[in-house]
Structures are given as C-alpha cells and as structure tokens.
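The values are calculated or read from the model by the stated rules, or taken from the named source; none is laboratory data. Just so we're clear, the structure is a prediction, and the values are computed from it rather than from any experiment. Cβ: placed from backbone, ideal geometry, glycine included. Neighbour counts: every protein chain shown. Ligands, DNA and RNA are stripped out before the accessible areas are found, and what is left, the full protein with its side chains, is counted by its heavy atoms. Shrake-Rupley method; radii C 1.70, N 1.55, O 1.52, S 1.80 Å.
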Amino acid sequence: MQHVKQALKAAFKKADKPLLDRCITEQRSPGLPDIRRIQHFPARRVIRASRAFNRLHHWQYDTLHPCFPHFLGLSLHIDVLTANASPFPLMGLVHTENTINQLLPLNAEDMEITCHFSDVRLHPRGIAIDVMLTVTQQDIVRQQITSTYLYRGASGVLKQTPESDGAYVSGPEKTFTATSVMNFDAAAGRRYA
C-alpha cells in the first residue's frame, strides 16, 4: 500500500516552476531544501531482502552487494523528492548519474539509511540536484550514494552559454582511491529497468 501512495504522490507532485525558472533566469541556485528522511532496517529484514537481491544479481559473497542499500533506500529517495518543501517534481527529472562511495564492507545486520539533498547547483540545461543516501551500521558510516538529477529549464529561460552544447562538469572533480571496479555490459541498464 505504501508503494501505491508514493506513486500517487509522485504523479501529482508539481514543481515550483516560477521559483525554478526565476533561479535559472537570474543564474542563482534555489538553495538546498532542508529535507531529511531516516529509516532503520532490522537485521532480519536486511537478510530477507538481500537474499532475493543476491539471487537476482548472482551475488555470492559474504558482504552485501554495493548497490543493495540503493535498492533498500529507494522509498526514502522518493519521499525526499516528493516532500512539500522540495521545489522539484519527481516526474520529469532526468537521472544523470549515480556515485557509490564504499567506505567499509556492508554486512547482513541492522542498517540505518539517511536520505537528504546534498547539493543543488545551476547547470547549462537547468538545475542539477544531488540526493544522498548515507548508510550506517554499528554507528559507522559505511557507504554514501549520490544520485544526480537534472531539472530541465524551459528553453525560453535558459541562459545560452558555450557549455550548453557540451558535457558539463560542476566544480572540481572528486577523486577516490578505487578498491574495486565493477563492469557491466552495455545492455545492463536496460535489463535492470
């Protein structure tokens, strides 16, 4: 029933278009909405859900799959994006990127996931929004997942810049030491969706 309520809320959530269009026209950020959702997942729920997830993804390791918390925290993600204080619509946002920063291995035990907006910035095609999931076990942050979305501005309000036609990178590039690399075939995203 919760999924039905979330789907309806997502379908009817409207953007604060006047605010967002004004921010794009004036080239200023609308500011970071102060919205935070936290959910505790008991070990038995983590174990049950991870078994199904592992079968589906052919994961056969003792630790949890790095993408598992993203799956588990999806309802928090939707709650943050559809909150009344969020000026963004859920429907119509363009998902552009996911970044998973694995700090420590995740185990099949109690888990707390916190979801919040972590960055809002101008983009040549509108406004880019980062939503972060922070995964904690035993009071230790073990993983941070950032999903980036683009709210596309109406063509009449977009400022034309040379970057508008090319790739856009905001701010200095983040650097992490890679401890492992996961490769997927070209059709993996389409099969997953």
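Annotation: amide H-H contacts under 5 Å for Asp119 (H modelled 1.01 Å from N, sequence separation of 5 or more, or interchain): Asp130. With all protein chains kept in place, the per residue accessible area of the range 62-156 amounts to 40 square angstrom at a probe of 1.4 angstrom.
Tell me, what is the FRET efficiency for Ile38 and Ala187 to the nearest 0.05, using R0 = 45 angstrom and their Cβ-Cβ distance as r? Efficiency at R0 = 45 Å is approximately 0.80. Our coupling estimate for the range 134-139, obtained by passing each phi through the Karplus curve with A = 6.51, B = -1.76, C = 1.60 and θ = phi - 60°, is 10, 9, 10, 9, 6, 6 Hz, Gly and Pro reported as x.
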